[in-house]
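The values are calculated or read from the model by the stated rules, or taken from the named source; none is laboratory data. All values reported here derive from a predicted model rather than from experimental measurement. Virtual Cβ from ideal backbone geometry, glycine too; neighbours counted across all protein chains shown.
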Amino acid sequence: MNYLWEITSALWRFIDQRDQLLIVSLHRINRPHGLPVSTVEKTLKFLADQYHFVLPEELQDKKIHEKMAMLTVDDGHMEIYSTLYPIIRSLKISMVVCLTTDFFLKNRWLWVDKIHWILEQPGSAQKIQAYVLPDNISFAGNQVYLRKYIKTLPLSLRDELINSLADHCRLTIPSEPAINFRPVKTTEVHNMLKSGRVELASHTVTHPILMNLPDKDLDFELQHSKKELENFSGRRIHSFCYPNGLPGDYDERTKLAVNRAGYSMAFSSSEGINYKGSTEWNQLKRIHIHRTLPTFKMSASGLTEVINRLKNN
Ligand SMILES: [Zn+2]
């Protein structure tokens, strides 16, 4: 079956000759919830053979031609250097590293990692079954629901809830990111920048859901992170990556703030391909590297979008 989809995807890729920018997104590799490194390697090898890789700096004229690809990796965890960078170098492709500056420069926890850490501790999965959310909803161990719920909370309530979750599991969250949740080192990022294969993008200061922020804090998250990364790298930061990035995590107000901060492009997590002539530069679509290569090839060829459109009509 997979073989059939692969052939159909390849055929569709051949038929669809529109100029396009395929932006691929990647989060963690090899963690309990991360992608296996073999999947990442195979997917990037496929892309390196089929596409011309570009960085935001090379796209300042916003001219998309033929089949361009851009690899973006979100948040800034340690395996970017130890695992991903050697693959990038051997395939001779480039990548955009989207950094949350408090995490990367100040070694402060990414708030969502605290939840992963709590849930990974021995016995937590069991204890958490009995946890009742403040609005009396028992999430019954549904982690997806928990993350969706927490995402909607104002910042102070969000942190309060995470601490109460830790208390409930009789855990003390370490003051700095635990061993598997550490950021890539600054010296490692300097090394990668020197290669010319890596460009940095801002992924805010503290990784909040932007819709929850008043204008003043929104501008701070967008503008201060840009300034911090420009000071760190000595280079212009051209692009921004929305935390979470799904429809509902950004809107017209946040898009205007992106323009105001001086970014020329912003990455969302809405799945799709950016075609010449219909590209929205402040909400670029991306395709996540999937667990199987045939599924990824189908999305990357544009076939998934076509099938979904047909289903909805
Ligand atoms: Zn993120």
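For the range 188-210, the set of residues classified as over 22 Å from E58 (Cα atoms) and either without any contact (Cβ under 8 Å) to a residue 40 or more places away in the chain or over 17 Å from the mean Cα position of the chain (by Cα) (or both) consists of E188 only.
On inspection, M78 qualifies as within 16 Å of the ligand (Cβ to nearest atom) and farther than 15 Å from S25 by Cβ. M78 meets each of the listed conditions (1) buried (at least 18 other Cβ atoms within 10 Å of the Cβ); (2) touching a Lys or Arg at 6+ places or on another chain (Cβ under 6 Å) apart from (1). Of the residues screened, D219 is not one that is at pLDDT below 95 and assigned to a helix (DSSP H, G or I).
Run down S239, S225, S268 and say which single residue is farther than 18 Å from H27 by Cβ, polar (S, T, N, Q) and either buried (at least 20 other Cβ atoms within 10 Å of the Cβ) or free of Cβ contacts under 8 Å to residues at least 60 places away in the same chain (or both). Unique residue meeting the criteria: S225. The numbered conditions (1) away from the ligand (no atom under 16 Å from the Cβ); (2) at pLDDT 95 or above are all true for S239 except (1). Residues satisfying the criterion are absent from the range 271-288 (criterion: in a helix (DSSP H, G or I) and either surrounded by fewer than 20 Cβ atoms within 10 Å (Cβ to Cβ) or not assigned by TED's automatic domain parsing to the domain that holds V24 (or both)).
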